[in-house]
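Let me begin by presenting the structure, written as structure tokens, before commenting on it.
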Amino acid sequence: MNDKKKHVIKMAHQLFIEKGFQATSIQDILDYSGIAKGTFYNYFSSKNELLMELLKTIYRKMEQDRNELLLGQDPANLEIFIKQIELQMETNRTKKLVALFEEVNFSDDKDLKNFIIKGQLRIIRWFYRRFIDIFGENKKPYLLDCAIMFNGIIYQNMRYSSMAYDSNSSIHKVVQYSVNRIVKVIEEVSQAGEQLIDPEVLTRWFPDEQLEHPYQHRLYNTVLKLKASLTKQDTQAKYHELLDFIQSELTNSKQPRIFLIESAFEAIKNSETPFNENAL
């Protein structure tokens with residue numbers, strides 16, 4: 001994305017916050033960002049498409065920062081999960097995303113609505129995968145239900161806590177309280193053996209994405225640990241590139257190229273770099 005396109009998105013975001021998405025016209029965006037109409041339509045087909053690009057930009061950065069919190073950490077550590085959720089809630093608050101989402105509910109654009117729904121499902125899927133990290137494979141049949149419940153718990157607690165304290169509610173306090181509640185729910189649901197929604201439904205929600213291999217998430221966590229072990233090695237740029245490639249294949253490819261991932265890991269394993277042997 002070039003700098004001018006980034007500038008337009010940034011200016012539009014400020015207008016959406018100040019005036020609201022529906023009340024902001026394309027002409028407002030042109031005037032505020034100082035670009036011509038032809039330039040705008042060279043980047044975006046509509047204001048709705050601009051909003052989708054804005055949200056993609058925000059969430060890419062948030063997901064990157066969220067993943068970096070796992071570097072060198074145990075994925076099962078509940079405190080790391082809490083920090084990740086705090087980062088997500090802070091992003092929502094500073095970027096005023098909840099207000100934008102609420103305005104979209106009044107939009108007649110099906111593509112925009114479907115985009116928002118897909119984004120919400122991705123958040124639930126991320127909760128589900130992190131719950132597997134934290135609570136184990138034996139509770140997996142119940143963790144999608146719990147991810148859906150947690151999504152409601154955390155967002156409604158943030159919403160009403162902000163209303164009660166004039167948007168000055170403590171994100172840490174709300175997140176800690178909400179996580180404590182879901183831990184109890186997971187224990188109770190798994191003991192009762194009750195399931196509402198089978199996690200297999202994720203394959204229907206994401207039909208164009210390959211079902212995650214049982215070892216894929218473990219490989220991803222291994223990459224994070226290896227990258228952490230290289231952070232103090234100023235001469236290891238090429239190994240960072242290899243690890244970045246593996247990470248991209250595991251997270252962004254619909255069908256990760258296993259043979260390339262294996263080759264990259266082999267190159268790292270046979271290197272003379274001071275990796276932790278346990279990580280390899």
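The values are calculated or read from the model by the stated rules, or taken from the named source; none is laboratory data. As the structure is a computational prediction, the values presented were derived from the model and not from experiment. Cβ placement follows ideal geometry from the backbone for every residue including glycine, while neighbour counts extend to all protein chains displayed. Note: areas computed on protein heavy atoms with side chains; ligands, DNA, RNA excluded. Shrake-Rupley method; radii C 1.70, N 1.55, O 1.52, S 1.80 Å.
Things to note:
- Accessible area of segment 113-186 divided out per residue, in Å², using a probe of 1.4 angstrom: 50
- Karplus-derived 3J(HN,Hα), 6.51/-1.76/1.60, for each residue of segment 84-97, Hz, glycine and proline x: 5, 5, 4, 4, 5, 5, 5, 4, 4, 6, 5, 8, 6, 6
- Listed residue pairs exceeding 23 Å between alpha carbons, taken from K10/K37; K6/K238; K5/K37; K10/K238; K173/K227; K6/K95: K6/K238; K10/K238; K173/K227
- Element breakdown for segment 28-141 at a 1.4 angstrom probe: carbon and sulfur atoms account for 50% of the accessible area.
- For the chain: rounded, prolate or oblate by the Cα gyration tensor [a/c cutoff 1.5]: oblate
- The share of C-alpha pairs in segment 51-106 whose separation exceeds 12 Å stands at 69 percent.
- Other residues with beta-carbon under 13 Å from the beta-carbon of I197 carry, at +1 per Lys or Arg and -1 per Asp or Glu, a net charge of -1.
- Accessible-area rank, largest first, for D208, D198: D208, D198, with all protein chains present and a 1.4 angstrom probe.
- Compactness relative to 2.2 N^0.38 Å, alpha carbon Rg of segment 27-82: 1.78
- Rounded to the nearest 20, the size of the Cβ-charge dipole of segment 60-180 about its Cα centre is 140 debye, with Lys and Arg at +1 and Asp and Glu at -1.
- Three-way shape call for segment 121-177 based on the alpha-carbon gyration tensor, with the a/c threshold at 1.5: prolate
- Point-charge dipole on Cβ atoms (K/R +1, D/E -1) for the chain, about Cα centre, debye to 20: 480
- Summed over qualifying helices (DSSP H, 4 residues or more, each -39500 (n - 2.57)) and divided by its residue number, the chain shows a 222 nm mean residue ellipticity of -23500 deg cm²/dmol.
- Across the chain, the mean sequence separation of Cα contacts (distance under 8 Å, 6 or more residues apart), normalised by length, yields a relative contact order of 16 percent.
- Taking all Cα pairs closer than 8 Å and separated by 6 or more residues, the relative contact order of segment 1-124 comes to 24 percent.
- Overall form of segment 79-183 per C-alpha gyration tensor (a/c, 1.5; a/b vs b/c): oblate
- Convex hull projection area averaged over all views, segment 1-108, Cα basis, nm²: 7.9
- Euclidean distance of C-alpha centroids, segment 84-105 and segment 19-48, integer Å: 22
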